[in-house]
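The values are calculated or read from the model by the stated rules, or taken from the named source; none is laboratory data. Nothing here was measured: the structure is a model prediction, and the numbers come from that model. Cβ placement follows ideal geometry from the backbone for every residue including glycine, while neighbour counts extend to all protein chains displayed. Only protein heavy atoms, including side chains, enter the accessible area calculation; ligands, DNA and RNA are left aside. Shrake-Rupley method; radii C 1.70, N 1.55, O 1.52, S 1.80 Å.
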Amino acid sequence: MLKTDGLRCWAQIDTDAIAHNVKEIQKLVGDTKVMGIVKANAYGHGALACTKALQKAGVDYFGVACLQEAIELREGNIKDPILILGYTPPTCFEILDQLDLHQSILSYDYAKKMNEWALENHTKLKGHVKLDTGMNRTGFLYQDGAKEKEELLDTWNMPGLQIDGIFSHFPVSDDLEKDSADFTRHQMDLFDEAIEEIKKAGYHPGLRHIQNSYGILNYQDRGYDYCRPGLLYMGVTSDDSVPILSNPDFIPILSLKAKVSMVKTIPQGATVSYGRHFKAKKPTKIASLTIGYADGLPRICSNQDLKVLIRGHLVPIVGNICMDQCMADISGFDDIKEGDIVTLIGEDQGTTVTLDTITRLAHTINNETLTSITSRVERFDLAALNDQEKDI
């Protein structure tokens, strides 16, 4: 049973729903396997808990942003392959070798540094070559008018490297307008062309992967070895209002909760919170809530009619969101009292408030909203709690 007596606010993570979401992804991509992206603490959901749930769902490869995140998984007894998608300083190449990690090979110069270190230490460093087909972030340039073919092939020939894959990334796979769709299709053409060049030179390209979450939703026809969902296995997209070319049945796995700390009635004309932006037009019942922007509720959502659930009632947040608290207008609801649970994301008594609602008011994407939920918001793995109860 979930015990929240001493908590201000918390997140409930239904890791059992991950298996359902992975099945929905597999329906879209067919034989293409899933690499679970668990960077940024699995987008705020808990990296180790989500990784273990993904393993139960049949996922056998994981992606993280940095070495620190990979170490966390290894210390959590995750033995499956892990790809570091970002930069690892050369001073830490020894750890890559010790922990049997795959490093993204981000450029020709970076490949030479990896190769040099490996030869000096009589080993091979494992990695996937990153191809820049248009994101213009990291990777070997492989675009119209700028193709590092010779450098790419020379990298495959480096004796200190074990190249187990090649990948690229989509910047606009979420946009179905013709210009963006043509750009994304051309990225795949460039990716395929580079793979053919590698094969012609007598090398094996290894595992091929390019589809991020929107690539999975909108571009399933190329049949690569792996796809890389992040938010999808968590049951949400970056923006629920963006049209997609598929119709998956995802289950959002996160709920965000807080508590009512105080209820008071303020007189007509009284103002609420910093800046005095809310002024009561009549005697108004106000509930103070135990969550604020230091917990991850964006301050920019203040005074935009953001609603939360208390005892199944939809009530608006009023006044500026504070660092540790915010206030709601609960006028007309006599059953709301101190200690009641507040739902900011999730369901209560048949009514749901969505993550995407907060995100739209914050003018951002769900990725940022989720990763902004701070460490002082305790995460509860509901599946693990259920397992504990079965063992009692």
Exercise. Modelled with pLDDT of 95 or more, open to solvent by less than 80 Å² (accessible area, probe 1.4 Å), of a type in the set (Asp, Glu) and part of a loop (DSSP other than H, G, I, E, B): does that describe ASP174?
Worked result: yes
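Listed here are the residues, each with its yes/no results for (1) touching a helix residue (DSSP H, G or I) at 6+ places or on another chain (Cβ under 7 Å); (2) under 17 Å from THR354 (Cα atoms); (3) crowded, with 16+ Cβ neighbours inside 10 Å.
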| residue | (1), (2), (3) |
| --- | --- |
| GLN220 | yes, no, yes |
| GLY230 | yes, no, yes |
| THR237 | yes, yes, yes |
| PRO243 | no, no, no |
| PHE250 | yes, yes, yes |
| ILE253 | yes, yes, yes |
Return yes when VAL272 is in contact with a helix residue (DSSP H, G or I) (Cβ under 8 Å, 6 or more places away or on another chain), of a type in the set (A, V, I, L, M, F, W, C) and either open to solvent by less than 60 Å² (accessible area, probe 1.4 Å) or at pLDDT 95 or above (or both) and no when it is not. no
Those residues of region 276-306 which are on the phi < 0 side of the Ramachandran plot, surrounded by fewer than 17 Cβ atoms within 10 Å (Cβ to Cβ) and outside any loop (DSSP other than H, G, I, E, B) amount to LYS279, ARG299, ILE300
Here, helices (runs of 4 or more DSSP H) confined to region 47-149 with at least 1 residues that are surrounded by 22 or more Cβ atoms within 10 Å (Cβ to Cβ) and touching a residue at least 60 places away in the same chain (Cβ under 8 Å) are 47-56
TODO: State yes or no: is ALA383 within 24 Å of the chain's Cα centre (by Cα) and over 22 Å from HIS277 (Cβ atoms)?
DONE: yes
- Message: Take GLY202 and tell me if it is under 30 Å from ASP154 (Cβ atoms), of a type in the set (Gly, Ala, Ser) and surrounded by fewer than 16 Cβ atoms within 10 Å (Cβ to Cβ).
- Response: yes
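Using the structure shown, decide if LEU153 is aliphatic (A, V, I, L, M), within 30 Å of THR371 (Cβ to Cβ) and not in a loop (DSSP other than H, G, I, E, B).
Numbers: aliphatic (A, V, I, L, M): yes; within 30 Å of THR371 (Cβ to Cβ): no; not in a loop (DSSP other than H, G, I, E, B): yes.
No; evaluated as a whole, the condition is false for this residue.
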In region 320-366, anything at positive phi and open to solvent by less than 40 Å² (accessible area, probe 1.4 Å) is listed as GLY346
For region 150-171 the number of residues that are open to solvent by less than 50 Å² (accessible area, probe 1.4 Å), in contact with a helix residue (DSSP H, G or I) (Cβ under 8 Å, 6 or more places away or on another chain) and over 25 Å from TYR214 (Cβ atoms) is 8
